[in-house]
1. If GLN90 meets every condition in (1) surrounded by fewer than 10 Cβ atoms within 10 Å (Cβ to Cβ); (2) of a type outside the set (Ser, Thr, Tyr); (3) over 27 Å from GLU30 (Cβ atoms) apart from one, which number is that one?
2. Would you mind telling me which numbered condition in (1) touching a residue at least 40 places away in the same chain (Cβ under 8 Å); (2) assigned to a loop (DSSP other than H, G, I, E, B) TRP202 fails?
3. Just one of PRO83, PRO107 is within 16 Å of ligand 1 (Cβ to nearest atom) and surrounded by fewer than 21 Cβ atoms within 10 Å (Cβ to Cβ); which is it?
4. Within the group GLU30, GLU46, GLU50, which residue is away from ligand 2 (no atom under 16 Å from the Cβ), modelled with pLDDT of 95 or more and surrounded by fewer than 22 Cβ atoms within 10 Å (Cβ to Cβ)?
5. So how many residues does segment 1-27 have that are hydroxyl-bearing (Ser, Thr, Tyr) and near ligand 2 (Cβ under 10 Å from one of its atoms)?
6. Does VAL36 fit the bill of being closer than 18 Å to ILE181 by Cα, crowded, with 24+ Cβ neighbours inside 10 Å and within 13 Å of ligand 2 (Cβ to nearest atom)?
7. Is it the case, given these coordinates, that VAL34 is under 12 Å from ILE59 (Cα atoms) and outside any helix (DSSP H, G or I)?
8. Exactly one of these conditions fails for TRP196: (1) part of a helix (DSSP H, G or I); (2) without any contact (Cβ under 8 Å) to a residue 60 or more places away in the chain; (3) within 14 Å of the chain's Cα centre (by Cα). Give me its number.
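The values are calculated or read from the model by the stated rules, or taken from the named source; none is laboratory data. These numbers come from a predicted model, not from an experiment. In this analysis, Cβ positions are derived from the backbone assuming ideal geometry, glycine residues included, and neighbour counts consider all displayed protein chains.
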Amino acid sequence: MNTVLVVNAKGGCGKTTLSTNLASYFATNELKTVLVDFDPQQSAMEWLKERNPDHYYEIHGISPFEHRLRFASDVDRVVLDAPARIEGKQLTDLVRRSDIILVPVLPSPIDMRAAAHFIKDLLMTGHIEEKKIVVVANRVRENTLIYQQLNKFLKHLKIPFLASIRDSQNYIHAAEKGLGIFDMPWYQVSHDIEQWRPLIRWINRNLG
Ligand SMILES: Nc1ncnc2c1ncn2[C@@H]1O[C@H](COP(=O)(O)OP(=O)(O)OP(=O)(O)O)[C@@H](O)[C@H]1O
Ligand SMILES: [Mg+2]
């Protein structure tokens, strides 16, 4: 079993979007996948309720507010969707549980600065190495000045910046139906899936 934590203290940067799409990627690759929703808002659990298990690969959801966290021995992948404003003991607990960490960041100066502080907090928990963390720029409009700034800022950290996920209605449509882009027809989402490729390669390499 391998565990991926999707986390950033900043709200609304795409933690749930990344978590649900990553769960959809694992599930469509026939890996037994569990999505754990640590956010009291329970957006990932709501997403899962919309997913039709008769038509799409099953993803098992767990709310730690309702059930103890126990995983069957045949589970292949666990995705942890963290809440906003996470810090202290809760952050340490989630980091300790995970093998790799994805940090979604929006391409705005405020978010970039906040992300730099947050990554320092992550490293200070002492339970994860730099090389196990990856930054994902989310809702990016390419060729904008802010995109170039983000690129520069992320190069400055010793953390890989692997994917730029564009702002796309595909994520919104997918979210409505309990789907990820990996569940959707290729002709609709090929550009988005292309953007995930470097991240997927990194994840698969680091999860072994
Ligand atoms: N790449 C994207 N393209 C279009 N919309 C997006 C994208 N990423 C996220 N969104 C939208 O932005 C909003 C916030 O995203 P999301 O809920 O994933 O963030 P979050 O970090 O989980 O938020 P919270 O901190 O509240 O848990 C949602 O409405 C989501 O549909
Ligand atoms: Mg969320």
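1. Result: GLN90 passes all but (1).
2. (2)
3. PRO83 is the lone residue from the list that is within 16 Å of ligand 1 (Cβ to nearest atom) and surrounded by fewer than 21 Cβ atoms within 10 Å (Cβ to Cβ).
4. Sole residue among the options that is away from ligand 2 (no atom under 16 Å from the Cβ), modelled with pLDDT of 95 or more and surrounded by fewer than 22 Cβ atoms within 10 Å (Cβ to Cβ): GLU30.
5. Matching residues across segment 1-27 total 4.
6. No.
7. When the stated conditions are applied, VAL34 passes them.
8. All conditions are met except number (2).
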